[in-house]
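I have placed the structure first, in the form of structure tokens, so that the comments after it can refer back to it.
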Ligand SMILES: Nc1ncnc2c1ncn2[C@@H]1O[C@H](COP(=O)(O)OP(=O)(O)OP(=O)(O)O)[C@@H](O)[C@H]1O
Ligand SMILES: [Mg+2]
């Protein structure tokens, strides 16, 4: 029995190779993620062990940040005197120290821009070493890392403009030295590094000289990291912690790795989608193979094989297929992981490390491949085992089983699902509305997949009126209709991916059009100034609101409003929140804000206004008092007004006076309105000039603002579209697979139509029409579900005032349909060619 | 004769409907070589019902396939009407089948997705021609299928299915209909119905039919019976009785030493 099924496997290797491919894809993505994240961890561990190679113990403030405590020089000396300390390197540093490129005077664009203070002696821990020149010895001198010198295009003796955080302005320095990083590197991971005279750095970064953020210690021979840590901890001033280098390494490596989470999510998405679609493909393949082997299976049964043996033979086949697929997929994943690591290392100017394949990666890869295949092959195996021995003697054609049971089950999922979706969209359920909606969406999707065979008939018939031109086309339509289950299962591989894209596209399009509309109707905000953030906004990134004075002086500018934003450790009424600080009277004017209660006037200190939804969530109303905590400062505020939220303005607004409690004085956003009939473009250019002193601040017109606001969403859409491409590829393979099997099954019919005069072209057209109909059905179902869900989600957002109208992205949807047709055509190439090449005589020959 | 007779069959009655000249058909090579047809010369007249008979493996199907342009010949010439079949491209053969030839096979004659009526009209639909309503009605009535037109093949008996196949071959009025054991899968009564119908279409409407058969009784419906043995034509009878055909077959079997 085992031998028989293995032999059968070899004979069907072409058909099964597609099932294998589906497994390869999904296992490949999964193992790529696992390999990549393990390798990246190894990469960053290497990186941080370079940084900390001579460090045994590091002392830092327990809670870092602008308000963190500092160590005095005396405290550093005291700690350095601890028994077992070999050397101590106190730290003066800041982030956001951005050098400007010589020549075009633009900030060097990088995520990591570090500034240090150095005391003029060589680094006792050997992390940085002078390559040429000298350490900075005066306030107007700096040294830079070799990578920075290259990026900023400066050499020793040149002038270098550097933006200084805290001071919030650029200054010009003289480059007196160039340093390299331990291990002969130009940078650790692509960061820029400017080194200042210590006293200047302390004064600039910390506001006073003689203080340090932390200290790194190396240990004397024979003193373990742990021992030294414990000794130092005993002498630490409060608010500081001491950790061993090993602890620091792990922590830093983990923190950096999370930056690649987005990447990981996309790959996980690929793996899951490829897995789901793969299950459909495998299910279909085994189902058709079992249908074709009915006679053979019946003969086995007639010869005395038990049903368990028959089912077992199918499952054994599935096991072999999945093992092959998982092995190939794992290798592909390792390759992909290697490539991804190399690409990232290249981008971050780091040396690549060898790939890391953990045993758990191998285990998971095989588990996914085998479990997915076995699940997919289970129903076909049961079906195979239920073939009665008498089928060996009967004609092959079995009547189509009724779709009733399946459809009833589908309806039992889909109807409550649709109900929940409507409930979530229309009823006022607060935050739970989205959960209800998403739960309903899952039910609706499951139900629709089960209903797909029932839907296939009318939909394909209707589509057939459009596509089924000519006799060949009509025959193609009939073929697509003849086995609705098969057509549906083949088509729905597309549905899942398309539904995701359709939902996202509808929500994003609605959001964009709502935003455009809101910007258009509110008193004409024409120019927007926006800070690019690389940390939670707290007032330390952005521009000085004083710069807006110069903006207001530009001819044609009507009003310019500064918006500050604090989202770092903010609580209102005891709940984590974020707050905006601006002139509320001006905001009310510029954005046509509508009052629900109270009055929207300029706010004094300890006054706030908030939108209806937030007010409800926090249980606040106009006239009430509440606690507002900004970092360590907690004060009692009065609610002055409650307003209606719009896609542009929502949340808690405080007056400019509150900015004093923010971590920094910088504004995140500047909104500029213009006099009637003034062209925005020249104003944008002038504002850009003014904002040049603030690296990371962008200036644009209204449209660029809409695009920027939805940039993240567009990124999400792009990610989902990539998912769609993957599912499209697998689904096209599924269609190809089904058509190949159908062509084989219908050899005799093909011979017959050829014998009575259908040309080769006609046969190709027939197969094409069937393929396109299958693809279009899958996509149409997906789009219908996607647009429906997207509209429901948007409706829920409208209720929360995040959007104003549902906009269906018709052109995008049309593009997806066109892509589906193309996928259908491509998938049909091989089967159509095989069908057209059939020898008429072979096709009609009797067995 | 009625007015609904296919016109071309009478106009060019003098030329043969199908002709084979010095046809050889060899399968395989070396040890495995099989000579299925050896130097066959045969001319099949218009407006007549010709049966091809012979023992199993004698080359009947092969001859028919070669005549119909379904298979290529190793040597020799085949023509249908005035069209030389030998050397035609696939497109040429498709056009030939579309315009000049009708087929009735032993089984699996019909597309399962189409109704009886759609199956009958399929060749015309493929060729993009409209059926002549009077002729269509005549054919349907002759095969007696009027009340079965909207059934699917799976809802028809074997005999009814074969009658649908006959109607399909007739409705396009091809120059020649090739039938390979059209009654091979039928019981004697259904078989007789189909044969009577084929006979009528020749007698009344002047259709040309070439039929391969095993069955002496079936052959007795034909105007002419050509006997094949070992790939060569060995004998022929005109307007034979079933007994005469049987006798000839017996003598052929004896010749084969069986
Ligand atoms: N494709 C092929 N390859 C090799 N030999 C073939 C092929 N087709 C037919 N033959 C051989 O050619 C010879 C004639 O076959 P053909 O099918 O014409 O016989 P037939 O008279 O129709 O027989 P039957 O009455 O059994 O249908 C036989 O010996 C057969 O084995
Ligand atoms: Mg034969």
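The values are calculated or read from the model by the stated rules, or taken from the named source; none is laboratory data. None of the values given here were measured: they were computed from a predicted structure. For neighbour counting, all protein chains shown are included, and Cβ atoms are generated from backbone atoms with ideal geometry for every residue, glycine included.
For the reader, a short list of remarks on this structure follows.
Yes/no per residue for (1) within 18 Å of the chain's Cα centre (by Cα); (2) surrounded by fewer than 22 Cβ atoms within 10 Å (Cβ to Cβ); (3) within 16 Å of ligand 2 (Cβ to nearest atom); (4) within 13 Å of chain A (Cβ to nearest Cβ):
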residue	(1), (2), (3), (4)
B:53	yes, no, yes, no
B:64	yes, yes, yes, yes
B:79	yes, yes, no, no
B:128	no, yes, no, yes
B:147	no, yes, no, no
B:154	no, yes, no, yes
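- The condition of being without any contact (Cβ under 8 Å) to a residue 40 or more places away in the chain, more than 14 Å from chain A (Cβ to nearest Cβ) and within 27 Å of residue B:166 (Cα to Cα) holds for only one of B:17, B:84, that being B:84.
- Test for residue A:461: is it free of Cβ contacts under 8 Å to residues at least 24 places away in the same chain, surrounded by fewer than 21 Cβ atoms within 10 Å (Cβ to Cβ), within 14 Å of chain B (Cβ to nearest Cβ) and part of a helix (DSSP H, G or I): yes
- Of all the numbered requirements in (1) over 22 Å from residue B:46 (Cβ atoms); (2) part of a helix (DSSP H, G or I), residue B:109 misses one, and that requirement is (2).
- Residue count, region B:217-246 (criterion: outside any loop (DSSP other than H, G, I, E, B), farther than 22 Å from residue B:40 by Cα and either touching a residue at least 60 places away in the same chain (Cβ under 8 Å) or in contact with a helix residue (DSSP H, G or I) (Cβ under 7 Å, 6 or more places away or on another chain) (or both)): 4
- Here residue B:57 passes the criteria (1) more than 11 Å from ligand 1 (Cβ to nearest atom); (2) without any contact (Cβ under 8 Å) to a residue 24 or more places away in the chain except the one numbered (1).
- Looking only at residues in region B:179-224 that are surrounded by fewer than 21 Cβ atoms within 10 Å (Cβ to Cβ), under 14 Å from the mean Cα position of the chain (by Cα) and within 14 Å of ligand 2 (Cβ to nearest atom), the one that is farthest from residue B:43 (Cα to Cα) is B:184.
- Residue match in region B:102-109 (condition: away from ligand 1 (no atom under 16 Å from the Cβ), more than 19 Å from the chain's Cα centre (by Cα), within 20 Å of residue A:755 (Cβ to Cβ) and surrounded by 18 or more Cβ atoms within 10 Å (Cβ to Cβ)): no
- Residue count for region B:161-215, restricted to those that are within 16 Å of ligand 1 (Cβ to nearest atom), in contact (Cβ under 8 Å) with a residue 60 or more places away in the chain and closer than 19 Å to residue B:110 by Cα: 8.
- Some residue of region A:471-490 being within 14 Å of chain B (Cβ to nearest Cβ), buried (at least 19 other Cβ atoms within 10 Å of the Cβ) and free of Cβ contacts under 8 Å to residues at least 24 places away in the same chain: yes
- Of the set (1) in a loop (DSSP other than H, G, I, E, B); (2) in contact with a helix residue (DSSP H, G or I) (Cβ under 7 Å, 6 or more places away or on another chain); (3) away from chain B (no Cβ under 14 Å), all apply to residue A:812 but (1).
- Unique match (being surrounded by fewer than 16 Cβ atoms within 10 Å (Cβ to Cβ) and either more than 16 Å from ligand 2 (Cβ to nearest atom) or in the same structural domain as residue A:735 (by TED's automatic domain parsing) (or both)) among A:823, A:805: A:805
- For region B:25-50, a tally of residues being away from ligand 1 (no atom under 12 Å from the Cβ) and either on the phi > 0 side of the Ramachandran plot or in a strand (DSSP E or B) (or both) returns 10.
- Leading residue by the ranking (farthest from the other protein chains (Cβ to nearest Cβ)) among those in region B:87-99 that are within 12 Å of residue B:172 (Cα to Cα) and surrounded by fewer than 22 Cβ atoms within 10 Å (Cβ to Cβ): B:99
- Residue count, region A:757-773 (criterion: surrounded by fewer than 24 Cβ atoms within 10 Å (Cβ to Cβ) and at the interface with another protein chain (Cβ under 10 Å from one of its Cβ atoms)): 4
- Criterion (out of contact with any strand residue (DSSP E or B) (no Cβ under 7 Å at 6 or more places or on another chain) and at pLDDT below 85) met by exactly one of A:433, A:447: A:433
- Residues located in region A:375-430, provided they are within 14 Å of chain B (Cβ to nearest Cβ) and either in contact with a helix residue (DSSP H, G or I) (Cβ under 7 Å, 6 or more places away or on another chain) or modelled with pLDDT of 80 or more (or both): A:396, A:397
- Within region B:66-77, the residues that satisfy the criterion of being away from chain A (no Cβ under 14 Å) and more than 15 Å from ligand 1 (Cβ to nearest atom) are B:75, B:76, B:77.
- Test: residue in region A:582-593 that is assigned to a strand (DSSP E or B) and more than 26 Å from the chain's Cα centre (by Cα): no
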